[in-house]
Amino acid sequence: MALSDLNPVERNEEGIAAVLGILKQTLGERFQTGQAIRSQHAHTTTYIPTQAPDGVAFVESTAEVQEIVRACAAHRVPVIAFGVGSSLEGHTNAPGGGISIDTSRMNRILAVN
């Protein structure tokens, strides 16, 4: 696949703005919108250019993940899961914008299947 084969994804600017406000209020300093953090959370080893999310949420509990997903779903904003940043296939990219949920601060294993 060539870059010219990629289909553009429409951004939901109104929904993104609403979710950014909600998450800044909810998570405080654990919600970052700086360019460096956003670029780090979109870096891949593919040929696809980096497409950064609009914000990065550093979650510490499943309840926080649930709250973020609910807010994003209500406003139709994409959610991108981020573990350790080893994206080989480009799944951390955010072509339509959205919120990256960084799970690196979660420190309990609930189950192994």
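When I48 is tested against (1) more than 11 Å from the chain's Cα centre (by Cα); (2) surrounded by fewer than 14 Cβ atoms within 10 Å (Cβ to Cβ); (3) among the aliphatic types (A, V, I, L, M), only condition (2) is not met.
Restricting attention to region 61-72, the residues being among the small types (G, A, S), part of a helix (DSSP H, G or I) and touching a residue at least 40 places away in the same chain (Cβ under 8 Å) number 1.
Within region 16-46, take every residue that is in contact with a helix residue (DSSP H, G or I) (Cβ under 7 Å, 6 or more places away or on another chain) and of a type outside the set (V, I, T) and give me the one that is farthest from S100 (Cα to Cα). Residue satisfying both the conditions and the ranking: L23.
Of the residues F58, F31, F82, the single one that is touching a Ser or Thr at 6+ places or on another chain (Cβ under 6 Å) and either in contact (Cβ under 8 Å) with a residue 12 or more places away in the chain or surrounded by 20 or more Cβ atoms within 10 Å (Cβ to Cβ) (or both) is F82.
In region 57-104, the qualifying residues are those that are charged (D, E, K, R) and modelled with pLDDT of 90 or more, and the one that is nearest to the chain's Cα centre (by Cα) is D102.
The values are calculated or read from the model by the stated rules, or taken from the named source; none is laboratory data. Nothing here was measured: the structure is a model prediction, and the numbers come from that model. Glycine gets a Cβ as well: all are built from the backbone with ideal geometry, and neighbour counts include every protein chain shown.
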